[in-house]
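Below you'll find the structure, written out as structure tokens, and then a few comments.
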Amino acid sequence: MKSQAIVEFGKPLQEVETPTPVPTGTQVLLKIHNAGVCHSDVHIHDGYFDLGNGAKLPMAGMGLPHTLGHEIEGEVVAVGPDAKGVHVGQRYAAFPWIGCGNCPACQRGEENICVGGPRQLGCSNGVPGGYATHVLVPHPRYLIDYGTVDPALGAAYMCSGLTAFSAMKKVGKLGPNDQVLVLGVGGVGMMGVQFAKALFGKGPLAADIDDERLAAAKKAGASATYNTKDPESAKRLMADTNGGAYAVVDFVGSEATFAYAQQTVRRGGKVIIVGLFGGAMAMPIPMFPFRAISINGSMVGSLDDTREMMELVRAGKVDPIPFQKRPLSEANKTLDDLRAGKIVGRVILQP
Ligand SMILES: [Zn+2]
Ligand SMILES: [Zn+2]
């Protein structure tokens, strides 16, 4: 099999050839047809995450070469002797957020936030991902039926879709006059708009610094839009919602967006932080009880979330996001383009 692998952090990916694995036990081998390129791949490729104020979180202990890619779709080409209910020739997306299976988080079905030793495809040390011709999936339960949507999109739902869906689910039940604000309507935020419509039966509010993105959000069903560069926009939002949004889902995760969220969430409401832009927060502690607000983080989603999301997708309740296909050999160029902010929608690599 061939991979486009990191051989040195921050240096161009290189084509690496290794023996194609033979599945044992419950393992399933997929021949990859589609692999999405995610912004977090850029961070792993760089070798660190930016924590703001010059602080960096290094990819400590990541062995190289490493094959990136956690948005994977492919065809079953071999199955281990204990892999039941799955047959050669079937096409699936692969749930990548695989945990140890034994820790308290995994036992609750929250493998995506495993504390015992995650085995995330393309992200965990020693677990190769989708920038390759083949990938090994440890158990058939991680194979996801994506229905009749484009298989490339089936791949993209495993990270960008799931991240948006799981964050929206954390909003919980809305009262009749409650509003949800989607803060940041880039690729994942736009999916948030879609899932908000599907989950709550009405379009969310949308805020961004870019009028073009806001126009696209409006077209996708946002009920009102706010340009955060306009100093009056938060006041207008407070007036429009009669006291603020019940939930603000922050798809940017910067100091500026957190400040905006803090300003526009209503008493008793929630701020759900999804974006990894970076920075630090400071907030007077008495504000938590006085305003009775809660602040939640959301990191991708669970296997159950994935199945629930795919039901909405298969039922045609979610419009496709824009995407383009590129050959696997352009993996490195794609990371560079993403780093330079030159990509609209999702790039899907195809071997
Ligand atoms: Zn991702
Ligand atoms: Zn675990």
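Summary of values
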{"quantity": "Selection within region 313-331 - out of contact with any Gly (no Cβ under 8 Å at 6 or more places or on another chain) and either open to solvent by 30 Å² or more (accessible area, probe 1.4 Å) or among the charged types (D, E, K, R) (or both)", "calculated": "ALA315, GLY316, LYS317, ASP319, PRO320, LYS325, ARG326, PRO327, SER329, GLU330"}
{"quantity": "Subset tally (residues that are aliphatic (A, V, I, L, M) and either under 18 Å from VAL318 (Cβ atoms) or in contact with a Leu (Cβ under 8 Å, 6 or more places away or on another chain) (or both)) for region 200-237", "calculated": "9"}
{"quantity": "Elements of type strands (runs of 3 or more DSSP E) contained in region 222-325, each with 2 or more residues being in contact with a Phe, Trp or Tyr (Cβ under 9 Å, 6 or more places away or on another chain) and at pLDDT 95 or above", "calculated": "245-250, 265-273, 294-297"}
{"quantity": "Unmet requirement for ASP41, which otherwise passes all of (1) of a type in the set (Asp, Glu); (2) farther than 26 Å from GLY253 by Cβ; (3) not in a loop (DSSP other than H, G, I, E, B)", "calculated": "(2)"}
{"quantity": "Residue identified as without any contact (Cβ under 8 Å) to a residue 24 or more places away in the chain, surrounded by fewer than 23 Cβ atoms within 10 Å (Cβ to Cβ) and in a loop (DSSP other than H, G, I, E, B) among LYS218, LYS202", "calculated": "LYS202"}
{"quantity": "Residue in region 332-351 that is farthest from ILE272 (Cα to Cα), counting only those that are open to solvent by 70 Å² or more (accessible area, probe 1.4 Å) and at pLDDT below 95", "calculated": "LYS342"}
{"quantity": "Given (1) away from ligand 2 (no atom under 16 Å from the Cβ); (2) basic (Lys, Arg); (3) free of Cβ contacts under 8 Å to residues at least 40 places away in the same chain, index of the condition ARG108 fails", "calculated": "(1)"}
{"quantity": "Some residue of region 90-102 being more than 30 Å from GLN14 (Cα to Cα) and near ligand 2 (Cβ under 10 Å from one of its atoms)", "calculated": "yes"}
{"quantity": "Count of region 90-102 residues which are within 16 Å of ligand 1 (Cβ to nearest atom) and outside any strand (DSSP E or B)", "calculated": "4"}
{"quantity": "Listing of helices (runs of 4 or more DSSP H) fully contained in region 103-193 that carry 2 or more residues being away from ligand 1 (no atom under 16 Å from the Cβ) and at pLDDT 95 or above", "calculated": "104-107, 162-169"}
{"quantity": "Subset tally (residues that are open to solvent by less than 20 Å² (accessible area, probe 1.4 Å) and among the aromatic types (Phe, Trp, Tyr)) for region 90-114", "calculated": "2"}
{"quantity": "Filter result (over 18 Å from the mean Cα position of the chain (by Cα) and either buried (at least 17 other Cβ atoms within 10 Å of the Cβ) or part of a strand (DSSP E or B) (or both)) within region 68-89", "calculated": "GLY74, GLU75, VAL76, VAL77, ALA78, VAL79, GLY80, ALA83, VAL86"}
{"quantity": "Complete set of residues in region 115-141 that are open to solvent by less than 20 Å² (accessible area, probe 1.4 Å) and free of Cβ contacts under 8 Å to residues at least 40 places away in the same chain", "calculated": "SER124"}
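The values are calculated or read from the model by the stated rules, or taken from the named source; none is laboratory data. Remember, it's a predicted structure, so these values are computed and weren't measured experimentally. Ideal geometry is used to build each Cβ from the backbone, glycine not excepted, and the neighbour counts take in all protein chains shown. To get the accessible areas, we keep the full protein, side chains included, count just its heavy atoms, and leave off ligands, DNA and RNA. Shrake-Rupley method; radii C 1.70, N 1.55, O 1.52, S 1.80 Å.
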